[in-house]
Each structure stands twice: as structure tokens, then as C-alpha cells.
Amino acid sequence: MDEVVLKIDGMTCPHCERAVGEAIERVAGARTVAVSHAAGEARIAVEPGVDLDRIAAEIAGEGYTVVAGAGGGGERAAAKTAAGEGAGAPPAATDELAFAIAGMSCVNCARAIERGVGRLPGVAEARVNFAVEEGRVRFDPGQLSPDQIFQAVRDAGYTPAPSGSASHARERRERRLFLFAAALAVAALVTPYLGLGRRGELALLLVLATINQVGPGLDYYRGALNALRVGAPNMDVLVALGIAASYAFSLLFLAGVSGHHTLATAIYLVAFIRLGKLMEQRARGRASRALTALASMQVDRARRATAEGGWEEVVLAEGVPGDRVQVRPGERIPIDGVVVAGQSAVDEQLATGEALPVFRVVGDGVIGGTVNQSGVIEVEVSRTGEDAFLGQVIAMVRAAQATPAPIQRLADRASAVFVPAVVAVAVAALVGWLVAGATLAVAVTHAVAVLVVACPCALGLATPTAIVVASGLALGRGLLVKSGAALETLARVDRVVFDKTGTLTTGRPAVVAVEAAPGFDEAEVVALAAAVEWASSHPYAAAIRDEAARRGLTPPAATAVEEVAGRGVRGEVEGKAVVAGSEALLAADGVAAVAAEGAHGRVGVATDGRFVGWLLLADRPRPEAAAVLGALGDLGVATELLSGDRPAAVAALVAELGLATGEGGLLPADKVARVKQRVAAGERVCFVGDGVNDAPVLAAATVGIAMGAGAEVAREAGDLVIVHSELTGVVEAIRLGRATLRKIKQNLFWAFCYNTVAIPVAAGLLVPRFHITLEPEWAGLAMALSSVSVVSNSLLLRRWRR
């Protein structure tokens with residue numbers, strides 16, 4: 001069967017994925033491999049002759065649109081041409097809008113917003129991350145505006161705001177509401193000691209409880225009504241039912257229908273839940289601290305050169321490429337650019353992970369957000385705003401944190417039925433206790449406890465909080481994670497496949513041996529070659545010059561230098577004709593020299609027709625390569641080398657580093673085919689390459705790691721970029737992925753176990769035998785603390801060590 005990837009518009013949740021998968025399965029000869037609403041694509045296996053139009057029609061019948069497809073070669077293209085064969089026209093250009101969202105109480109709120117926004121015409125993808133309270137929407141600006149998207153969020157009952165602007169405001173609001181609720185709770189606690197008498201005490205408690213309902217408790221009623229209006233019951237529904245039941249039951253007491261009241265319970269309940277929400281908000285703020293710190297490195301003002309030769313302070317948003325800005329010692333460089341005057345040591349740890357300052361002079365590039373340490377420099381702006389390095393990194397990290405890991409689907413499925421199931425259990429508890437002969441007060445107490453102890457939030461926070469912490473931690477280690485799925489996939493990797501040049505090796509050839517002909521010594525071979533190669537830009541020429549410098553040689557000056565493309569160079573040195581190059585170039589000059597077969601590149605040197613010797617060159621392994629391969633072996637991960645270099649050179653490197661297998665002489669398409677064979681055999685393959693030349697095979701692998709290059713890092717391919725370009729990042733990424741997956745599993749285990757144990761206890765199952773009752777106020781506190789425990793457990797990732 002052939003594999004085809006279809007790009008699909010309109011999927012916003014796991015339910016959409018199931019609908020699309022079922023539509024594909026209805027077509028004979030088509031099988032669903034994977035459907036991802038986050039990626040907006042379906043990967044399917046089809047037998048020869050299967051009509052893609054039929055598959056597109058089935059998907060369209062479910063309300064989704066196939067906009068493009070790709071064949072098995074890994075090159076993305078339209079599924080068919082626009083001349084009538086299409087499974088749909090190519091997608092229109094899309095914009096991406098990121099924004100903060102206030103008012104969400106659990107993961108079901110996020111799903112409700114995704115559904116509401118996803119129904120808008122022109123929306124290609126809508127994702128909401130409950131953990132960081134942020135939404136991201138890809139849309140066609142020709143059909144839709146940001147204001148319309150924001151209105152859809154408001155229609156769902158939530159408040160949109162500019163991205164990154166609302167976190168501290170939400171924490172301050174939660175603090176105010178908690179203090180309000182706590183003051184009411186303290187007042188209720190001391191009421192029996194005020195000597196007001198029974199009537200006075202009841203009157204005061206009723207006033208306090210009523211204020212509690214319309215004050216700190218009002219949010220839950222609003223959230224519940226909005227959730228029910230859009231058909232997505234959430235945690236607010238459970239809390240609102242709980243506090244409303246406590247309050248209403250007390251009104252029945254005042255009306256003489258019941259012999260017991262729970263006014264104080266209703267007050268304590270809101271206070272405890274507000275305390276838990278405040279703790280949760282603070283913990284979530286700490287989880288995203290790395291991204292907040294990164295954003296704080298952006299400079300908002302700069303000194304720009306004026307036409308009169310002076311300097312003016314301007315808002316950075318007014319800057320454009322070509323402007324010249326001045327940066328003094330101790331200041332952050334405001335924007336990406338090139339040094340045009342001055343020199344200085346620059347702390348570039350933000351961009352490259354390099355702890356030591358780097359000396360920058362005229363002509364060198366500098367990165368916005370890095371720190372100028374010593375001298376005054378002038379920088380010509382090259383990139384601004386979101387195109388600059390820091391803007392791209394922040395956008396990519398936010399996107400990674402908003403992309404769910406596959407394991408999140410388990411929690412999503414559970415959350416979808418959680419609230420109705422809890423309400424059913426609460427009703428069953430109420431009826432059960434009444435049938436068993438309990439008083440109405442006892443039955444209501446257990447029903448309310450069930451409603452407020454249940455916690456869908458813990459399920460919703462289990463995966464995204466771990467992803468947020470891990471992506472921030474990775475950023476601090478020089479690893480730029482582009483999706484939450486990448487971390488989970490890295491944790492499960494079976495095999496790491498490396499490219500050779502620039503990945504396992506330095507990417508810069510070096511002289512590894514010198515073979516002098518009889519009558520000559522090594523120094524003469526190196527000096528003559530360096531003389532004629534002095535002005536050449538060829539990598540071999542640079543390596544020969546470096547070797548001369550290493551040996552302390554000063555090559556004589558060469559004249560009449562002629563570079564022969566692809567062969568070498570000729571010139572005159574101290575009146576003698578000198579040639580340095582390939583065997584063919586030497587033969588053309590009448591010099592008989594035969595290069596032996598081997599793993600090394602060779603440059604022959606001759607003078608006045610006499611053969612002087614060979615320089616053997618090789619691209620040396622990175623210093624850390626052997627240790628990295630050993631560490632991967634210790635982790636139980638197989639390693640392999642695929643390269644376009646000469647098979648002999650690849651075989652030598654495989655033997656030197658102790659790789660299990662390696663293959664050379666491969667074209668990019670051959671590498672893609674080899675990786676796809678591994679994946680088809682059931683292996684989870686990680687490919688590590690340079691991110692530019694290896695883009696096709698990086699995309700074909702289960703997960704791709706690109707070796708970064710400073711300011712160009714955000715342009716690289718791959719699911720993860722090693723910013724500091726050291727191979728140790730591969731081992732770190734896999735270890736971090738495994739630590740993150742362990743933490744997610746711990747969180748999910750706790751969330752499921754908490755609800756599995758707490759709900760039956762709240763319903764009163766332990767009362768007959770053990771006389772254990774969970775009062776509603778303590779149930780509310782337990783619910784809130786369960787979310788805090790999940791977030792706090794994710795925060796423990798920050799203690800992770802290599």
C-alpha cells in the first residue's frame with residue numbers, strides 16, 4: 001500500500017479526528033494510519049487505484065475539507081492538479097493569531113473555545129492550551145479578521161487578550177477573590193461566638209452566604225451558564241451545582257422544609273476552592289517562567305542614528321532594516337544586525353548556549369537580546385519584530401507549548417464525558433441515601449461533596465504543564481522544542497540516524513597526515529602547498545593554511561596563481577613552478593603520481609615537474625561524538641550513519657567511532673528511503689542533520705533534530721533544534737523526553753486515581769463500614785489541591801539533571 005498525507009481544514013479536537021478517521025475507513029482500499037487535528041492532517045495507506053476524490057468526498061460529508069495532499073516521497077504537494085483532478089484547491093495563505101484567554105476553569109473550556117472558533121469560515125486550525133491559558137488560530141485573512149475570532153471566544157463565554165498580557169492580571173484577580181472569600185469564611189467562623197442568638201446568627205450567615213454567592217462565587221455561575229449554552233459542561237458546572245445546592249438547601253431550612261442548614265458550608269466551600277485556584281494560578285505562572293524570562297529580554301527602545309549625525313531614542317517598533325543603532329556596555333543589543341563600528345565582547349548564551357562571551361568586530365552579526373559587555377558598538381539593523389531571532393524563538397516555544405502531546409488524547413477522551421458522569425453519580429448518591437433512609441441533609445451533603453470533589457482540571461493539566469516546564473527547561477539547555485509531540489516521541493525513540501558532514505564531524509576538513517616523496521620532508525610539502533593555496537577559498541586550502549600555521553611555518557609568497565576549478569591550483573614560488581591539487585591536475589602537468597585508494601581526501605604537490613608529496617585530509621569527528629554514541633548505547637538506542645560522502649570515508653568514520661552500521665554514497669532521496677524503511681518496520685527513528693540540506697529526511701523520520709546555527713536557528717527544519725550545535729544535545733533531548741513522559745504518566749496516574757478514590761468516598765461508600773464522611777468544604781479543598789499537586793509535580797522537572 002502507498003502512504004498519502006492529506007491536509008485537512010476544520011479539525012479542532014479529538015472528536016474531529018475520529019470523524020475523519022471513520023470517513024476514510026468507509027472507502028474500500030483505504031486505511032487510516034494517523035489523524036492529527038493539531039497538525040491538520042491525516043496520514044493514510046491506500047491500495048493502488050483508490051480514488052482520492054472519493055476519500056475527500058467522504059471527509060467533506062463529515063464537515064471537513066481536504067485542501068492538499070502528499071505522496072510517499074516526502075515532498076508536500078497538492079493531491080491532484082487544479083485542472084479537475086483535485087481533492088480540493090491548494091489552501092489559501094494563512095495568518096496565525098496567538099492570544100491569552102481568561103475565564104477557563106478546566107480542559108473542557110478549552111475544547112468549547114476550539115469548537116466555537118473552529119466553526120468560523122476560514123479557520124484552518126484552532127488550538128487552546130488550558131495550562132498556559134492561550135489560544136492559537138490559523139486562519140485565512142481574506143475570510144476572517146482577528147476581531148471576529150475574539151468575538152467567537154467571547155460568545156463562548158471567555159475573554160481574549162493580547163498574548164502574554166494576562167497572566168499576572170489573572171493571578172492578582174484570583175488573589176482578590178480569595179481574600180474576599182476568606183474574609184467571608186472568617187466572618188462565618190466567628191459568628192457563633194458573637195452572642196447574636198439563634199435568629200441573629202442565622203440572619204448574619206444568610207447575609208454572608210448571599211454575598212458569597214454573588215461575590216466570589218459568581219464566576220462559577222457565569223462559567224456554568226456559558227458552558228451549558230455552548231454544550232460543553234465544565235468544572236464550573238460542578239462547582240456551581242455544589243454551592244447552589246448548599247445555599248438552596250439552607251433556604252429550605254429557613255422555610256421550615258428542612259431541619260438542617262449548610263450556610264457555613266457554602267461559604268467555606270467557595271473560600272477553599274478560591275484558595276486552590278490561587279495556588280494553581282501561581283504554580284502555572286512558575287511553570288511558564290522560562291518563556292516569561294525570554295520575553296523580558298526583548299528591548300523596547302533603542303538609540304537610532306539621525307540624519308544630522310546624532311542619536312535619538314526611539315521605540316523599537318519604529319525601527320526598520322538599514323537603521324543604525326548604538327549599544328553601550330552593559331546594555332542588551334536591541335535587535336538583530338551587523339556591527340558597523342566598534343568592537344566588544346558579547347554574551348550570546350541566550351542564542352547559542354555558549355557560556356563564554358564572544359568577541360565581535362565590524363562585519364560580525366549580532367543577535368537581539370544578547371548582552372554587550374565591554375565596548376560601544378554600532379549595529380545596522382537586519383531583522384525586526386517577529387522576524388528577529390528572539391521573536392521567532394518566542395513564537396516557536398509558544399507554539400510548542402500549545403501543541404498537545406499524543407498521550408493527551410487519553411485525558412481529552414475522559415474529560416469529554418467527565419462532567420455528565422459526575423452529575424449522574426451525585427444524583428445516584430442523593431437518591432441512594434434517601435432510599436437507605438437517611439435524612440435529606442445527609443443525602444444533600446453527600447451529593448454536594450461528589451459534585452465539588454470531582455476534578456477534571458487535574459486531567460487537563462497533567463500533560464500540558466509538563467510540556468510547558470520541559471520546553472522551558474530545554475530552552476535553557478540550548479534545545480529549541482517545536483512541538484509537545486516531539487518530546488513524547490523522543491522518549492520512545494529506538495534508533496538515532498546521523499548525517500555525517502557537519503553533524504558527526506566538524507564539517508571542516510583538516511590535514512591528518514603528510515606523505516613526503518623521497519628527497520623532501522613534510523615541512524616542504526606543507527609550505528609549498530600553503531604558498532599557492534594562500535588566497536584560495538576552497539575548504540582544502542583553508543585546512544592546508546591551518547596546518548602550516550600549526551607547524552609554525554611561514555610559506556613563501558606565490559605569484560601567477562591560477563585556480564583550476566575542481567582540480568587544484570598552480571603558481572610560482574621563488575621562481576619555481578608549483579602545482580597543488582588532484583592526481584589529474586598533476587598528470588596534466590606531466591607529474592606521475594598515483595593516489596592510493598583510501599578514506600582520506602588527497603592533495604598532491606609538485607615543483608618543476610618533480611613530485612613532492614601528498615597531503616591527506618579528512619573531516620574529523622566532533623570531539624564529543626564518541627562519548628555521545630556511547631551514551632546513546634547506554635540508553636538502549638541504536639545508532640546509524642547515512643551520508644552522501646564517499647563510502648570509504650564513511651566506513652572509516654564508522655570504524656573510528658564504533659557505530660553499528662553506516663552507508664555512504666547516498667543521495668537525499670536514498671536517505672529518505674532508508675529512514676522510511678526503518679519506520680515501516682516499526683522502529684521509531686530520530687534523524688539528526690544540519691536542518692537545511694537534510695530537510696526531506698528530517699521530515700521523513702519519526703522525529704527530526706536539526707543542528708542549529710545561532711541566529712538562523714528558527715529557519716531550520718526538524719522537530720527540535722540544538723541551538724548550541726553540540727552533539728551532546730541529542731542525548732540531552734532524549735533524556736529530557738523520557739523524564740517528561742515519566743512526569744506526564746505520573747500526573748495522569750494521580751489525576752485518574754484521585755477521581756477514582758475521591759468520588760466514591762464523597763458519595764459515602766465508606767460510611768457504613770468505616771464511618772468516614774467527606775464534608776463538602778473539605779471536598780472542595782481536595783479538588784483544588786489535586787490540580788495544584790499535578791502542576792507542582794510538573795514543576796519538579798526543573799530539578800532534572802543531565
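Assorted remarks:
- Net charge contributed by nearby residues that have their C-beta within less than 13 Å of Y268 (K/R +1, D/E -1): -1
- The amide H of E348, built 1.01 Å from its N in the peptide plane, has V358 as neighbours under 5 Å, considering only residues 5 or more places off or on other chains.
- Cα-Cα P(r), the stretch 503-560, percent of pairs per 5 Å interval: 4, 19, 28, 24, 15, 7, 3, 1
- Cα-based reach from K743 at 12 Å (exclusive), listing aspartates and glutamates while leaving out same-chain residues under 8 positions away: E488
- The stretch 410-568 has equivalent-ellipsoid semi-axes of 80, 13, 12 Å, by the square roots of 5 times the alpha carbon gyration tensor eigenvalues, sorted largest first.
- To the nearest 10, the accessible area of Y220 is 10 Å² with a 1.4 Å probe.
- Accessible-area composition of the stretch 412-510, carbon plus sulfur, in percent [1.4 Å probe]: 68 percent
- At R0 = 45 Å, FRET efficiency that the Cβ-Cβ distance of R119 and H771 yields, to 0.05: 0.30
- Size of charge dipole - the stretch 735-802 - debye, nearest 20, with Cβ of Lys, Arg +1 and Asp, Glu -1, no other charges: 920 debye
- Peptide packing for 672-679, 765-772 was compared via the average number of neighbouring C-beta atoms within 10 Å per residue; ordered from the highest value, the list is 672-679, 765-772.
- Radius 14 Å from Cβ of G519, net charge of other residues (Lys, Arg +1; Asp, Glu -1): -4
The values are calculated or read from the model by the stated rules, or taken from the named source; none is laboratory data. Computed from a prediction, not measured in an experiment: that's the story for all the values here. Because the Cβ atoms are built from the backbone with ideal geometry, glycine has one as well, and the counts that use them run over all protein chains shown. For the accessible areas, the whole protein counts, side chains as well, though only heavy atoms, and no ligand, DNA or RNA atoms are used. Shrake-Rupley method; radii C 1.70, N 1.55, O 1.52, S 1.80 Å.
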